[in-house]
Every structure is written in C-alpha cells, then in structure tokens.
Amino acid sequence: MLAALALVAWWLMRGRTSAEDDENDSTTHPYHCVTINPGEGACRTAQTIKGIRFLSAEAPLLPLVSCDASRCRCTFTHYKDRRRGDRRNPYRPESHMHVAQGLEDRRGRRGRRSTDGMHLADI
C-alpha cells in the first residue's frame, strides 16, 4: 500500500513539473520571440510585418496602433529563439568565401548559446 501511495505521489509530481517547465520555458527564455499572424481582414501594417521575428519584450501590442479593422483577429506565434536555423551551415558557398580569398577561418565550431547544436564539422 505504501508503494502504491509513493507511485501515485511520484506520478502527480512528475506531471506537474513538466507542465511548469513547458510554461516557464516559453516565457523566460532570453531569446524568446514572436511573429504576428495577420487574421482575417487584417490591416496593411499587419500584412507588412508578417513573418518578422520580434523579441518578446520588443514586440508591438495587438491590436496594432494603425489597425483599421473593426475587430483585430491577428495572433502571435511563439518561438524559443529569434534565429531561423543554423547560420553556420558548412555546405553553403558563403561559408567558404573568406578561405577562397586567402583569409584565415577564425570561427569556432559551436555557437555561444546552450541551445546551439552539434555541427556536422564536429563529427
């Protein structure tokens, strides 16, 4: 009976911890950002800034100041990081332009952020 009680307590605590981690992860990440998704009948400003990533603290409030829609249906999409993919792709021709020009490659193999993944060059 004591083992069953311990198992139930563990199950409840495990579920609560993961939900709290998910909630905190999206709001406290230092590079958390958002994009604006123009809703139905969105104003011209919302259409213009569609897809631009803003750091959470710098994002414009909805409805936008210049919104002329009778009811704003725009929403935010949340991202953990403002960057879009790995900019250090070793297979892009631009990655090797400095070497082709006779310059030294001074870049490190890994980014400074803890979320930067392992690069193919590290394998």
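No lab work stands behind these numbers, since they all come straight from the coordinates. Keep in mind that this is a model prediction, so the values were computed, not measured. Note that we place each Cβ from the backbone using ideal geometry, even for glycine, and neighbour counts take in every protein chain shown.
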Note, the range 60-71: 3J(HN,Hα) by Karplus (6.51, -1.76, 1.60, θ = phi - 60°), whole Hz, Gly/Pro = x, goes x, 7, 9, x, 4, 4, 8, 5, 10, 6, 5, 9
If R0 = 22 Å, then residue 29 and residue 66, at their Cβ-Cβ distance, give a FRET efficiency to the nearest 0.05 of 0.15
Long-range amide H partners of residue 43, meaning residues 5 or more apart or on another chain whose placed amide H is closer than 5 Å, are 68, 69
